[in-house]
Amino acid sequence: MRFGLILRLFVGLSLTVFGGAFALSPLPLAEKSAIVVTAASGITQLRAATGGLQLGLGLFLLWSALQPSRVRQGLVAQAFGFGVVAIVRVLGM
């Protein structure tokens, strides 16, 4: 289960940093992703949906890494989170 711990720590830290950056300053990151924001509500949506969701999942994964008994919860959250994103991207092609 050492791999599960390393994976949760790496992904948790990555999501926390990325989500925090998107929550604090979404416009520069949106431009790099070719996302055009035309209203203040769009900025709020980016902060909440992209920043907040990533930040929340990242913090959950870090929390799950603190206790060996939470390995399954953390890995299941990763599998569902990234699995659904992958499916939606494939469907959007």
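The values are calculated or read from the model by the stated rules, or taken from the named source; none is laboratory data. Quick caveat, the model's predicted, so the values are computed rather than measured. A quick note on method: Cβ atoms are made from the backbone with ideal geometry, for glycine too, and the neighbour counts reach across all protein chains shown.
Observations
- Residue among 2, 47 that alone is out of contact with any His (no Cβ under 7 Å at 6 or more places or on another chain) and modelled with pLDDT under 90: 2
- Unmet requirement for residue 38, which otherwise passes all of (1) over 14 Å from the mean Cα position of the chain (by Cα); (2) within 24 Å of residue 61 (Cβ to Cβ): (2)
- Qualifying residue in the range 18-29 (condition: surrounded by fewer than 11 Cβ atoms within 10 Å (Cβ to Cβ), touching a Gly at 6+ places or on another chain (Cβ under 9 Å) and of a type outside the set (Asp, Glu)): no
- Residues of the range 64-88 satisfying the condition of being of a type in the set (A, V, I, L, M, F, W, C), more than 22 Å from residue 49 (Cβ to Cβ) and either loosely packed, with under 10 Cβ neighbours inside 10 Å or in contact (Cβ under 8 Å) with a residue 60 or more places away in the chain (or both): 65, 71, 75
- Qualifying residue in the range 33-46 (condition: part of a helix (DSSP H, G or I), touching a Lys or Arg at 6+ places or on another chain (Cβ under 8 Å) and aliphatic (A, V, I, L, M)): no
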